[in-house]
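The values are calculated or read from the model by the stated rules, or taken from the named source; none is laboratory data. Quick caveat: nothing in here was measured; it's all calculated off a predicted structure. Note that each Cβ is placed from the backbone with ideal geometry, even for glycine, and that neighbours are counted across all protein chains shown.
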Protein chains: 2
Amino acid sequence: RKSMRGIRVSPQSVLQSLGVPKPFKQVIDVSSGDPHKSGLKPMSFLRQVLAVCVYPELLNNEGLSLDVRLRAQRLLEACDGGSVGSYGQSSGVPHVKQSIVEFISRRDAGVSSNTEHIFISPGSQIIVILLARGEEETQSAVLTPMPCPHTLPMLVEEAGVKLVPYHLIEEQGWAVDLDELHRALKAARGRYEPRAMYISNPGNPTGHVQDRKSIEEVIQFAAAERLLLLVDEVYQDSVYGPDKEFISYKKVLSEMNSEYSETVELISFHSLSSTCMGECGLRAGYMEMVNMDPEVKHTVYNMRSAHAPVTGQLALELMINPPTPGEPSYDKYTQILLIQATLSQNARRAWQFLNDLPWMSCQPAMGGIYLYPRLHLPSELIEQADVLYCQKLLEEEGVCLGAGSENGQDDQRYHVRLCVLAPPATVEEVLARLRTFHLRLLDRFP
Amino acid sequence: RKSMRGIRVSPQSVLQSLGVPKPFKQVIDVSSGDPHKSGLKPMSFLRQVLAVCVYPELLNNEGLSLDVRLRAQRLLEACDGGSVGSYGQSSGVPHVKQSIVEFISRRDAGVSSNTEHIFISPGSQIIVILLARGEEETQSAVLTPMPCPHTLPMLVEEAGVKLVPYHLIEEQGWAVDLDELHRALKAARGRYEPRAMYISNPGNPTGHVQDRKSIEEVIQFAAAERLLLLVDEVYQDSVYGPDKEFISYKKVLSEMNSEYSETVELISFHSLSSTCMGECGLRAGYMEMVNMDPEVKHTVYNMRSAHAPVTGQLALELMINPPTPGEPSYDKYTQILLIQATLSQNARRAWQFLNDLPWMSCQPAMGGIYLYPRLHLPSELIEQADVLYCQKLLEEEGVCLGAGSENGQDDQRYHVRLCVLAPPATVEEVLARLRTFHLRLLDRFP
């Protein structure tokens, strides 16, 4: 099976190459998470505060509520020279880092956090991967779930690191399997130097949410095999499966005995782009490093290329430190709860819809923003089935999904990826066009 | 001489380690360019437009002038979903790229430019360096001026590329010397694979400005030796030496015969951080690629880690496309001319002042934001003289300069670096404290 790298389905290129009239008026792209592009509205509180920070004369604008202006004033005081135009420290604005450790402690029911372990960056994945780059002759490798986030394979490659896949067990709701981890590691050892294990929880694109026991197993595996754990927890505010809750790797680790809690190296990352606020364009996230070698931390702190924009950092502070009940902006801020409810409803609706289609099956999403249904296509269609399916769907119905091969699938299973963090009407339109296309396709292969 | 890497002089660390009372109230850090931190004010036009883009309800705010609101409306229309929170294309917002090519054409008296050769990024240096990374066994190398921008050595190292220094000729106003280029290249060949040559014009930290003849020589050298030219032109709006003007490498190349103009690979970069606007915290710059291999361009376009924040991209558009005479905001915008005049006056004032000190000499700056005076210290002080000088100056007088070793100097010449893009009163205070320290130091070694 050929590598699909660089053959990403692109709405522009496909449509430009076709001069013929289309049965649709507009292309809908749900192949990746870009909620504002999909029509979700930004949080007004966040944008108001940010506007004042950008143009501080608005501090005197009485059209903005008092808590907005006070908050902006506090954030401006935290910026060097009182301006979002100054660089700030490379690891992030200290006030924002302080808010982050308080947020983490609240989230983890009191487990302590320290600003010295926090690093704010414009896109944390690449830094995380760089950490796994070694000095040895043997190429460093990162154990990576299959499927994995569709942006990951190229990042790993950019960093000069080998991606070693471990399969998630689809039939068990994309569970992490210990035997499979051992198999993958054994297959890599000797040829590569496995230094780290990447995991996303809630899962991207699989939507699974790990329980405490599964997390403990992964930590024990990492400890025994001396692997750095790279934990993508960017969808931590999007858990909606029945009886599911987000538990951070750091919290679980801190509650294990000292053989683990004081030794296992762990980096957790979170991002402004991935939460229900969907502020992708502002470019800020953070990572928390646990038990990391001080020299590695020093290296990260010196990566000047990793400066996050100050505007994004301030938005990050607002995300983790929203208005509280009683503040004038609190009522508006509950907008975020509506978005979370919409996401949950979209995920359930799309899951039922897709499972009702012939030749398609879909595990339910418990969290995150994607569904990742499997295509069961006739053998005539098997070669690069996911890519061709997505291309045809785009050409014929103007819907852009992501092909599972972008998520690292190369196991003769074919999946497509769709983001459901979008207005419900958009999701309905996507599903309707998908059904039309899917049924027509199957008609051709009776 | 030991490597100074990682021993960057830091105001925080030095002062925290000393519990004793200080003769100064405030530390002044002029070791690098961070103009808003130094007290320069942001352009109100830029910030007004940006505030409206962040919080579009301000489109109805009649306290803001009409051209501000119209401009914001146009920029918002250029964002996916009308929001600065959407990702946009990885190479940049198309409308901003269009403005960039128009800016380049105006600047270069009509030489054409193409949006397909423009790539917007949050910090272009690292990408530029990555391009020089090869696949061969032999380590790739970049010819780099000594002195070079102080952020460069670590970036080159991060990218896994070898820095090969070529000396600028201090006594000739930091001229680029062809014989020295050949010497450096010859010394590197065999041990490394030189793939590129980095050059900054106007010079960072040297303040020299190349004339057409010097640029032509460099281009001919790069052509003969098949080197990719990485041209740092971020100070192009800051040329103030008598009879000096900024001429872009691209313009010179385009006017040479086709043996050069159609073959020499050139990447020029520019940045929002480095101009007199000093918007460092917004994180956006661009590069223009000339004669580049399409495959390299494809690689760059796929670097998802290189997404620039949309807010910064819009600010970039405003920087290169300022209000024109007749528009309501034009009068305010002339603020930028005042800053440019201040920079020029600061550079001349500090140059005269530093040359009047014993045991110090300084080449005049013709452009850019730094002075880079040389220390002529007694032999007792020679070991790591620049670093010790900067540390003592910080401890005793609360002024943070940069040590020349950070700029790659390792030739038994010792320099310090100071940024003069700051309010004149700040520059005066820096110079006064520097003189006090310098004369006291010399008193100890009569």
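The table for this structure:
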{"item": "Enumerated helices (runs of 4 or more DSSP H) restricted to the stretch A:36-130, each holding at least 2 residues that are among the hydroxyl-bearing types (S, T, Y)", "result": "A:94-107"}
{"item": "Sole residue being surrounded by 24 or more Cβ atoms within 10 Å (Cβ to Cβ) and more than 8 Å from chain B (Cβ to nearest Cβ), chosen from A:Y301, A:Y286", "result": "A:Y286"}
{"item": "Count - residues of the stretch B:171-205 that are assigned to a strand (DSSP E or B) and without any contact (Cβ under 8 Å) to a residue 24 or more places away in the chain", "result": "1"}
{"item": "Counted residues, the stretch B:363-418 - those being touching a residue at least 60 places away in the same chain (Cβ under 8 Å) and among the β-branched types (V, I, T)", "result": "3"}
{"item": "Conditions (1) at pLDDT below 85; (2) under 17 Å from A:V49 (Cβ atoms); number of the one not met by A:N302", "result": "(2)"}
{"item": "Some residue of the stretch B:399-416 being part of a helix (DSSP H, G or I), under 22 Å from B:A341 (Cα atoms) and not aliphatic (A, V, I, L, M)", "result": "no"}
{"item": "Number of the condition not met by B:V310 [criteria: (1) among the β-branched types (V, I, T); (2) modelled with pLDDT under 95; (3) closer than 30 Å to A:A51 by Cβ; (4) assigned by TED's automatic domain parsing to the domain that holds B:F103]", "result": "(2)"}
{"item": "Number of positions in the stretch B:132-170 that are part of a helix (DSSP H, G or I) and either acidic (D, E) or farther than 19 Å from B:Q210 by Cβ (or both)", "result": "7"}
{"item": "Residue list for the stretch B:164-180, restricted to those being surrounded by fewer than 21 Cβ atoms within 10 Å (Cβ to Cβ), of a type in the set (A, V, I, L, M, F, W, C) and in contact with an Asp or Glu (Cβ under 9 Å, 6 or more places away or on another chain)", "result": "B:I169, B:L178"}
{"item": "Per-region count, the stretch A:329-342, residues touching a residue at least 12 places away in the same chain (Cβ under 8 Å), in a helix (DSSP H, G or I) and of a type outside the set (F, W, Y)", "result": "6"}
{"item": "Some residue of the stretch B:338-351 being aliphatic (A, V, I, L, M) and within 14 Å of chain A (Cβ to nearest Cβ)", "result": "yes"}
{"item": "Extreme residue, surrounded by the fewest Cβ atoms within 10 Å (Cβ to Cβ), among residues of the stretch B:204-259 that are within 26 Å of B:G123 (Cβ to Cβ) and of a type in the set (D, E, K, R)", "result": "B:K251"}
{"item": "Residue that is among the small types (G, A, S), more than 9 Å from every other protein chain (Cβ to nearest Cβ) and either touching a Phe, Trp or Tyr at 6+ places or on another chain (Cβ under 6 Å) or farther than 21 Å from A:S44 by Cα (or both), where the choices are B:S38, B:S44, B:S65", "result": "B:S65"}
{"item": "Which numbered condition B:E295 misses (of (1) within 13 Å of chain A (Cβ to nearest Cβ); (2) under 18 Å from B:S86 (Cα atoms))", "result": "(2)"}
{"item": "Residue, surrounded by the fewest Cβ atoms within 10 Å (Cβ to Cβ), within the stretch B:111-136, restricted to residues that are over 17 Å from B:A306 (Cβ atoms) and at pLDDT below 80", "result": "B:E135"}
{"item": "Hey, A:T426 free of Cβ contacts under 8 Å to residues at least 40 places away in the same chain and either not hydroxyl-bearing (S, T, Y) or not in a strand (DSSP E or B) (or both) or not", "result": "no"}
{"item": "Residue list for the stretch B:393-446, restricted to those being in contact with a strand residue (DSSP E or B) (Cβ under 9 Å, 6 or more places away or on another chain) and of a type in the set (K, R)", "result": "B:R413, B:R417, B:R433"}
{"item": "Out of B:E295, B:E262, sole residue that is among the charged types (D, E, K, R) and modelled with pLDDT of 95 or more", "result": "B:E262"}
{"item": "Residue in the stretch B:311-328 that is of a type in the set (S, T, N, Q), within 12 Å of chain A (Cβ to nearest Cβ), surrounded by fewer than 21 Cβ atoms within 10 Å (Cβ to Cβ) and outside any loop (DSSP other than H, G, I, E, B) present", "result": "no"}
{"item": "The one condition in (1) assigned by TED's automatic domain parsing to the domain that holds A:S99; (2) in a helix (DSSP H, G or I); (3) not small (G, A, S) that A:Q345 fails to fulfil", "result": "(1)"}
{"item": "Selection within the stretch A:149-182 - closer than 21 Å to A:G402 by Cα, within 14 Å of chain B (Cβ to nearest Cβ) and either touching a strand residue (DSSP E or B) at 6+ places or on another chain (Cβ under 8 Å) or modelled with pLDDT of 95 or more (or both)", "result": "A:P149, A:H150, A:L152, A:P153, A:V156, A:E157"}
{"item": "Options B:L253, B:L227; residue that is out of contact with any Pro (no Cβ under 9 Å at 6 or more places or on another chain), away from chain A (no Cβ under 14 Å) and at pLDDT 95 or above", "result": "B:L253"}
{"item": "Criterion: touching a His at 6+ places or on another chain (Cβ under 7 Å) and assigned by TED's automatic domain parsing to the domain that holds B:E216 - qualifying residue of B:E295, B:E288, B:E279", "result": "B:E288"}
{"item": "Of all residues making up the stretch A:329-358, the number that are farther than 30 Å from A:L439 by Cβ, more than 23 Å from the chain's Cα centre (by Cα) and either among the β-branched types (V, I, T) or surrounded by fewer than 20 Cβ atoms within 10 Å (Cβ to Cβ) (or both)", "result": "3"}
{"item": "Selection count where residues are free of Cβ contacts under 8 Å to residues at least 60 places away in the same chain and not in a helix (DSSP H, G or I), scope the stretch A:429-446", "result": "1"}
